[in-house]
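Report on one structure; see the data block that follows.
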Amino acid sequence: MSTQHFLTLRDLEASTLKALITRAIELKSIRRKGESHEPLHNKTLGMIFDKSSTRTRVSFETGMTLLGGHAIFLSPRDTQLGRGELIEDSARVLSSMVDIIMIRTFSHELVERFAANSRVPIINGLTDEYHPCQLLADMQTFHEHRGSIQGKTVTWVGDGNNMCHSYINAAVQFDFNLKIACPKGYEPDAKILAAGKNHAEIIHNPLTAARHSDLIVTDVWASMGQEEEQKARELAFKDYQVNATLMEQAKPDALFMHCLPAHREEEVSTEVLEGPQSVIWDEAENRLHAQNALLEFLLT
Ligand code: CP
Ligand code: NVA
């Protein structure tokens, strides 16, 4: 049997993804009760970070501790990865020593090459194209607050970036309708959108896109690696802030999510971010529980 990786939400069956969400909720409850659950005794997760992280690093590292295993933080600054050792060679060597590997990097193709040469599961901890682990947490959070997301309407407001691409995949796998409000020139990748065409559509006007929505989601205007474009993007996205006026278009019980880190008064007003419809802190915490469900699934 070939090794099961998690590079995008398309790598797992829809039924498996739903089971992971159910399991994440159970694991959260186990943690809340202070019960011990250590199925990953003697297992090691290697974590390669080419980009910064707070949530992803801490949730994976803490997750492995909770599950009875161990995590190693690997930075290109102090490994041979940063000195030009071939990805293929690194994948062969690392996967002969650790049991599972998480990678956060720029190019999605690099993660695919790594996975093709790895004998252990590879988890995508964010690339320029996708952020599937965040979607597990987002789907768990919606489920906890509102039940099944099937048939609901979700509005993505902002850049057609890695998070937006993972929302398109989630719309297909979890069977919801996704409206994408982005400025012209900042649309999601055409191929990814085409693959999700039965579930996702672009509606450039953010107020129209937010109408009757069950969930409003946004993200930073300039992602990691796009710092130089910050000023140009502030101009391009100025009408795409999630604020009280935008939230009023959605259903009265609509939720607000943001993967964080957030830039207050840019992509989201402080009022919405800190307001009663915002579930961002649950969403951040759920990275831990959703990924624990994923680690458990891939390793046991
Ligand atoms: N949401 C998210 O992935 O956060 P970090 O960049 O802090 O890991
Ligand atoms: N789109 C953002 C997400 C950060 C978690 C980025 O790639 O920087």
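The values are calculated or read from the model by the stated rules, or taken from the named source; none is laboratory data. Just so we're clear, the structure is a prediction, and the values are computed from it rather than from any experiment. As a convention, Cβ positions derive from the backbone with ideal geometry for all residues, glycine included, and neighbour counts pool all protein chains shown. The protein model used for the area step is the full one, side chains on, heavy atoms only, and it has no ligands, DNA or RNA in it. Shrake-Rupley method; radii C 1.70, N 1.55, O 1.52, S 1.80 Å.
With a ≥ b ≥ c taken as the square roots of the eigenvalues of the C-alpha gyration tensor of the stretch 152-300, please select rounded if a/c is under 1.5 and otherwise prolate if a/b is larger than b/c or oblate if it is not? Judged from the Cα gyration tensor, the stretch 152-300 comes out rounded (a/c under 1.5).
About its Cα centre, the dipole of the stretch 111-254 is roughly 300 debye, where the only charges are +1 on Lys and Arg Cβ and -1 on Asp and Glu Cβ.
With contacts taken as Cα pairs under 8 Å at a separation of at least 6 residues, the chain carries a relative contact order of 20 percent. Per residue, the solvent-accessible area of the chain (1.4 Å probe, heavy atoms of protein chains only, all protein chains present) comes to 44 Å².
Taking Cα centre as origin and charging only the Cβ of basic (Lys, Arg, +1) and acidic (Asp, Glu, -1) residues, the dipole magnitude of the stretch 156-208 rounds to 80 debye.
Solvent exposure of Ile21, expressed as accessible area, is near 10 Å², computed with a probe of 1.4 Å over the protein chains only. Only Lys, Arg, Asp and Glu carry charge here, each on its Cβ (+1 for the first two, -1 for the last two); on that basis the chain has a dipole of about 520 debye about its Cα centre.
Comparing the chain with the 2.2 N^0.38 Å rule of thumb, its C-alpha radius of gyration ratio is 0.98 (two decimals).
Once all protein chains are placed together, Arg92 keeps about 130 Å² accessible to a 1.4 angstrom probe. Separation of the stretch 30-106 and the stretch 217-278, taken as the distance between their Cα centroids, equals 30 angstrom. Derived from the Cα gyration tensor, the three semi-axes of the equivalent ellipsoid of the stretch 69-142 are 23, 14, 12 Å, largest first. Note that the stretch 115-220, at 10 °C in a medium of 1.306 mPa s, gets a Stokes-Einstein diffusion coefficient of 112 µm²/s from its Kirkwood radius over C-alpha pairs.
Helices in the chain, meaning DSSP H runs of at least 4 residues, each add -39500 (n - 2.57). Divided by all residues, the mean residue ellipticity at 222 nm is -12500 deg cm²/dmol.
3J(HN,Hα) along the stretch 111-125, derived from phi through the Karplus expression 6.51 cos²θ - 1.76 cosθ + 1.60 where θ = phi - 60°, amounts to 5, 5, 5, 4, 5, 5, 10, 9, 9, 10, x, 10, 10, 7, x Hz, with x in place of Gly and Pro.
Computed with a 1.4 Å probe on the full set of protein chains, the accessible area for Leu74 sits at about 30 Å². Shown in residue order for the stretch 287-300 are the 3J(HN,Hα) couplings computed by the Karplus curve 6.51 cos²θ - 1.76 cosθ + 1.60 at θ = phi - 60°: 3, 4, 6, 5, 6, 4, 4, 5, 4, 4, 5, 6, 10, 10 Hz (x for Gly and Pro). A 1.4 Å probe over all protein chains sorts His145, His108 by accessible area into His145, His108, starting with the largest.
Of all lysines in the structure, the ones whose alpha carbon falls short of 28 Å from that of Lys33, not counting any fewer than 8 places away in one chain, are Lys18, Lys43.
For the stretch 1-112, the share of accessible area belonging to carbon and sulfur comes to 49 percent (1.4 Å probe, ligands and nucleic acids excluded).
Counting only protein heavy atoms and a probe of 1.4 Å, the accessible surface of the stretch 199-300 is 53% carbon and sulfur.
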